[in-house]
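Structure first, then comments.
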Amino acid sequence: MNKRVEASSKFHKVTRQAVASSRLALFLLIVVPCSGRSLAQESKVLTLESRIPLPNVKGRIDHFSVDVKAKRLFVAAVENHTLEVLDLKAGHVIHTIEDLAEPQGVYYDALTNHLFVACGLDGVTKVLDGTTFQTLATVKFPDDADNIRYDPRSKGVIVGYAGAKQLRKREEGTGGLGFIDQNGKKIADIIVDAHPESFQLERGGPRIFVNVPDKREIEVIDGIKHSILARWPVSAEDNFPMALDEPDNRLFVGVWEPSQLLVFDTETGKQVAAGEIAGKTDDLFFDSARHQVYVLTSKGFLEVFEQKGADHYERVARSHTPPGSQTGLFVPEWGKLFVAVPAQGEQSAEIRVYIAH
């Protein structure tokens with residue numbers, strides 16, 4: 001605990017000095033109108049297209065994946081111990097994969113028709129047939145298999161794993177990124193300093209950017225040499241979600257304490273902008289076609305920031321969502337944002353579908 005306090009003081013000191021010397025770019029806020037309609041409706045940035053019920057899902061919902069060709073959405077219902085398969089054309093659940101040990105990350109590979117599901121409770125990542133949903137392979141990691149990303153170099157996937165002390169009161173330890181090939185065989189590991197949360201891969205280079213909240217840093221990894229290239233300090237606590245704007249060399253990171261959207265320059269590793277958001281976030285997405293960032297927050301707001309310059313981002317929309325709606329998926333092929341709404345009281349869980357304009 002003393003080390004964490006000392007580290008926190010050091011980071012806050014560095015942050016104050018950075019702000020004083022360089023005057024980090026500010027986000028401009030647009031006041032929500034008093035008419036009762038959401039800013040998203042007013043500005044036509046996002047409009048609600050439909051709602052898909054999840055009648056049998058209880059508790060927190062984690063990450064999504066999509067089958068673009070067949071128009072299927074895969075939803076990890078972590079506390080429900082299920083993976084829900086949705087037919088987006090029909091607008092309802094068509095299959096439920098049960099008895100998963102807290103499914104968190106999910107990725108559908110259209111090339112192989114394989115579905116990868118990472119489970120937090122037992123550290124297992126399952127490889128399922130995308131049609132029959134039968135288990136084809138399993139990969140066991142030490143603990144807490146979480147986020148999954150497609151690796152274009154190996155054409156397999158990468159899974160973040162290992163002890164998350166904030167989830168099960170463990171002592172701080174190392175974490176890792178596990179590389180799995182298309183058929184479900186583990187081919188490599190990269191050890192990081194603590195449990196990794198969201199991470200993003202460059203397509204034009206070897207780097208992998210990894211949020212490591214226990215260390216309050218972003219670790220930059222060489223995905224080919226499997227080595228750590230740099231550690232970038234984060235000016236706030238609990239850096240969980242991340243998105244990458246590779247052409248503009250900008251990395252977006254959501255932090256919880258205080259709740260902010262931070263922007264980093266990927267060439268220098270420096271934070272260049274920061275803006276307040278309405279609560280904790282587990283997912284945020286960059287829309288390269290519209291130069292917008294979509295942030296899902298725990299306190300019932302879907303926020304949209306638009307890039308107006310290299311380090312200038314304006315909040316252009318803030319739409320009300322039910323509390324706890326902080327995970328989802330943006331599908332650029334369709335220009336649609338899918339938002340998880342957990343069950344509350346007599347209101348069942350659902351997926352809200354927004355169209356970006």
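Could you pull out the residue among 259, 227, 288 that is among the small types (Gly, Ala, Ser), surrounded by fewer than 22 Cβ atoms within 10 Å (Cβ to Cβ), closer than 25 Å to residue 152 by Cα and at pLDDT 95 or above? Before you say what the answer is, go through the steps one by one.
Values: 259 fails: closer than 25 Å to residue 152 by Cα; 227 fails: at pLDDT 95 or above.
Criteria check complete, one pass: 288.
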Practice task
For residue 296, state whether it is without any contact (Cβ under 8 Å) to a residue 60 or more places away in the chain, more than 20 Å from residue 209 (Cα to Cα) and either in contact with an Asp or Glu (Cβ under 6 Å, 6 or more places away or on another chain) or among the hydrophobic types (A, V, I, L, M, F, W, C) (or both).
Solution key: yes
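Could you list all residues from segment 305-347 that are over 19 Å from residue 58 (Cα atoms) and among the hydroxyl-bearing types (Ser, Thr, Tyr)? Don't jump to the end; show me each part of the working.
Initial filter on segment 305-347 (over 19 Å from residue 58 (Cα atoms)): 305-320, 329-337.
If the condition is that a residue be over 19 Å from residue 58 (Cα atoms) and among the hydroxyl-bearing types (Ser, Thr, Tyr), then 313, 319 are the ones that fit.
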Exercise for the section: Take residue 326 and decide whether it is polar (S, T, N, Q) and part of a strand (DSSP E or B). Expected result: no
Problem - In segment 245-256, the residues that are buried (at least 18 other Cβ atoms within 10 Å of the Cβ) and either outside the structural domain of residue 283 (by TED's automatic domain parsing) or touching a Ser or Thr at 6+ places or on another chain (Cβ under 6 Å) (or both) - result: 251, 254
Practice task
Name the one entry in 99, 87, 109, 146 that is outside the structural domain of residue 49 (by TED's automatic domain parsing), among the charged types (D, E, K, R), touching a residue at least 12 places away in the same chain (Cβ under 8 Å) and in contact with a Gly (Cβ under 7 Å, 6 or more places away or on another chain).
Solution key: 146
Exercise for the section: Report, ordered by the first and then the second residue, all pairs with beta carbons closer than 9 Å, sequence separation of six or more or different chains, a first member in segment 195-208 that is assigned by TED's automatic domain parsing to the domain that holds residue 250, and a second member that is basic (Lys, Arg). Expected result: none
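Considering only segment 277-294, I want to know if a residue exists there that is among the polar types (S, T, N, Q) and more than 29 Å from residue 76 (Cβ to Cβ). Walk me through how you get there before you give the answer.
Going through segment 277-294, the residues among the polar types (S, T, N, Q) turn out to be 281, 288, 292.
Narrowing further to those that are more than 29 Å from residue 76 (Cβ to Cβ): none.
Within segment 277-294, not a single residue is among the polar types (S, T, N, Q) and more than 29 Å from residue 76 (Cβ to Cβ).
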Handout entry: Residues satisfying the stated conditions in segment 328-341, i.e. crowded, with 23+ Cβ neighbours inside 10 Å and more than 14 Å from residue 52 (Cβ to Cβ)
Key = 330
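The values are calculated or read from the model by the stated rules, or taken from the named source; none is laboratory data. Just so it is clear, the structure is predicted and the values come from calculations on it, not from any experiment. Glycine also receives a Cβ, built like all others from the backbone with ideal geometry; neighbour counts cover every protein chain displayed.
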